[in-house]
Structure formats: structure tokens, C-alpha cells
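Okay, structure first, notes after.
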Amino acid sequence: MGTDHLGRDVLSRLLHGGRPLLLTSLVAALAGTLAGTIAGLLAALTSAGRRWLDALLMRPLDAVAAVPPILLLLLCLTVLPNRTGLVLAVALTSAPLSARVARSAAAQVTGRAHVENAIARGESWAWLLGREILPLVAGPLLADLGIRFVAAVYLVAAAGFLGLSTSDSDWGLLIVEALPGAALQPWALLMPVAGVAFLAIAANLISDRVAHRSRGLLA
């Protein structure tokens with residue numbers, strides 16, 4: 001795969017930059033999905049009798065969803081110019097969409113007899129969410145996690161492309177550095193692009209598989 005414009009090995013930089021990209025994207029996707037799932041499940045459980053609590057949970061997330069992801073990324077990295085800020089930005093972009101998915105999936109099962117029986121017995125919210133609702137909606141939530149991971153990879157790579165990365169081998173940074181010399185050394189440009197595409201396709205295929213297997217639970 002040759003070397004880049006400064007004589008550095010392309011494959012070594014690709015492998016060195018892949019680990020922080022994967023870890024940052026995975027941690028951010030998990031954090032955003034977890035926060036959104038908790039908010040969405042609580043909103044679905046309280047939507048019948050406590051609409052004010054449903055609105056209190058979902059409206060702030062809807063407001064965050066209206067902010068363009070790149071703008072949110074720039075704002076967070078301005079306040080926290082490190083990997084924590086990057087994780088926070090990606091998690092904030094993921095949480096509202098995950099909350100909507102969790103709320104929609106949970107709304108299909110909150111009216112079932114075993115859930116109403118558990119409510120009538122006076123079970124706590126933790127019991128209702130963890131034992132009665134979450135097992136039935138775990139498939140769609142796992143599929144959503146895959147989609148959030150793909151979005152996280154794109155956003156973390158975009159941060160590197162904009163020069164906001166915290167790693168000197170971020171795949172987005174490799175892409176922007178290789179653009180001027182793409183005609184002379186195409187591998188330096190193609191390899192990080194192919195890496196991002198491979199991650200996106202693999203995560204989407206896994207998400208589709210999980211979503212297909214979960215349809216039987218919600219039927």
C-alpha cells in the first residue's frame with residue numbers, strides 16, 4: 001500500500017487509527033443507545049397515565065435531534081477538545097433517535113396482559129422495564145444499536161476529516177491528508193475509505209439479521 005506524503009507506511013497508520021476509531025464509536029453508540037433506551041421505555045410506560053412525564057422525557061430529546069450532528073460535534077469539541085467531548089457529541093446525536101425507537105417498540109407491548117398484571121401487582125418501574133418489557137423489545141434495540149454504531153463511525157471519521165480528531169492516524173484525517181496526492185498514491189485514500197465502508201456494511205448486515213430475528217417476539 002506504499003507510503004503517504006511524508007513517507008509514513010499507509011497500512012501501519014490505518015491499523016493504528018482503526019482501534020481508537022472503533023472504541024470511540026462503540027463507546028459513544030452504547031452510551032447514546034443506553035440513554036435513549038431508558039428515556040424511551042419510561043416514556044412508553046408512562047404515556048397512558050402520565051402524559052406530562054412522557055412529554056418531559058421526549059421533548060428535550062426532540063430539541064437535541066433538531067440540531068445538526070456536525071454543529072453538535074463542533075459545540076461539544078469546543079467545550080471539551082478531547083476524546084470525552086467526541087464521545088459526548090456522538091452520544092447526544094444518538095440518544096434522541098434511540099429514544100424514539102425504544103418508545104415505539106415498547107408501546108406495542110405495554111398493553112399486554114402480563115404487563116398490566118405486573119402494574120396491578122404494584123411492581124416497580126425497574127421490574128416492569130427490566131423483566132416485563134425489555135426482553136420483548138431487545139431485538140429492535142440491538143438492531144438500533146448497530147445503526148447508531150454506523151452513524152458514530154461516520155461522525156468520528158468526520159471529526160478527523162475536519163481536523164478535530166484526537167488521534168494522528170484517525171481514518172478521517174488519513175482521507176483528508178491523502179486527497180492532494182490521490183492521483184499519485186490512490187491506496188492512501190482508498191484504504192481508509194474502504195475501512196469506513198466495510199464497518200458500515202458489516203454493522204448494517206448484523207442489524208438487519210437481528211431485526212429479522214426479533215420480528216417473532218413482537219408479533
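Read-outs throughout are calculated quantities, based only on the coordinates presented, and are distinct from any laboratory measurement. This structure is a prediction, so every number in the text was calculated from the model and none was measured. Here the Cβ is made from the backbone with ideal geometry for all residues, glycine too, and neighbour counts use every protein chain on show.
Which net charge results when you count Lys and Arg as +1 and Asp and Glu as -1 among the other residues whose beta-carbon is under 15 Å from that of residue 102?
Around residue 102, the charge tally is -1.
Simple spin-label model, 7 Å along Cα-to-Cβ: residue 12 to residue 209 in nm?
The two pseudo-label positions are separated by 3.5 nm.
Computed over the Cα atoms of region 55-103, what is the ratio Rg over Rh, Rh following Kirkwood?
1.02
Is it possible to state the helix-based mean residue ellipticity at 222 nm for the chain, with each DSSP H run of 4+ residues giving -39500 (n - 2.57), the sum divided by total residues, to the nearest 500 deg cm²/dmol? What is it?
Numbers: 8 runs with 164 residues, N = 219.
Calculated from helices alone, the mean residue ellipticity at 222 nm is -26000 deg cm²/dmol.
Considering all projection directions equally, how large on average is the shadow of the alpha-carbon convex hull of region 1-66, in square nanometres?
6.6
Per the Debye formula with a single identical scatterer at each Cα and no solvent contribution, what log10 I(q)/I(0) holds for region 84-189 at q = 0.18, 0.20, 0.23 Å⁻¹?
At q = 0.18, 0.20, 0.23 Å⁻¹ the computed log10 ratios are -0.89, -0.99, -1.12.
Assigning unit charges at the beta carbon (Lys, Arg +1; Asp, Glu -1) and nothing else, what dipole magnitude in debye, to the nearest 20, does region 116-211 show about its Cα centre?
In debye, rounded to 20, region 116-211 gives about 140.
Roughly how many whole Å is it from the C-alpha centroid of region 77-128 to that of region 2-67?
13
Which of (1) 34, 18, 16; (2) 41, 18, 11; (3) 39, 25, 18 is the computed semi-axes √(5λ) of the Cα gyration tensor in Å for the structure on display?
Entry (2).
Say R0 is 22 Å: what FRET efficiency, to the nearest 0.05, do residue 201 and residue 104 get from their beta-carbon distance?
With a Förster radius of 22 Å, E is 0.30.
Quick one: what Rg and Dmax do you get for region 14-104 from the alpha carbons, in Å?
So, for region 14-104, Rg and Dmax equal 14.8, 53 Å respectively.
Could you work out the local net charge near residue 202, counting Lys and Arg as +1, Asp and Glu as -1, over the other residues with Cβ closer than 15 Å to its Cβ?
+1
Work out the charge dipole of the chain with +1 on the Cβ of Lys and Arg and -1 on the Cβ of Asp and Glu about the Cα centre, then indicate which of 28, 115, 6 is farthest towards its positive end.
The one lying farthest along the dipole's positive direction is 115.
How charged is the neighbourhood of residue 24? Take every other residue with its Cβ under 15 Å from the Cβ of residue 24, and add Lys/Arg as +1 and Asp/Glu as -1.
+1
Show me 194-204, 2-12, 151-161, 17-27 ranked by packing, highest mean number of other Cβ atoms within 10 Å first.
151-161, 17-27, 194-204, 2-12
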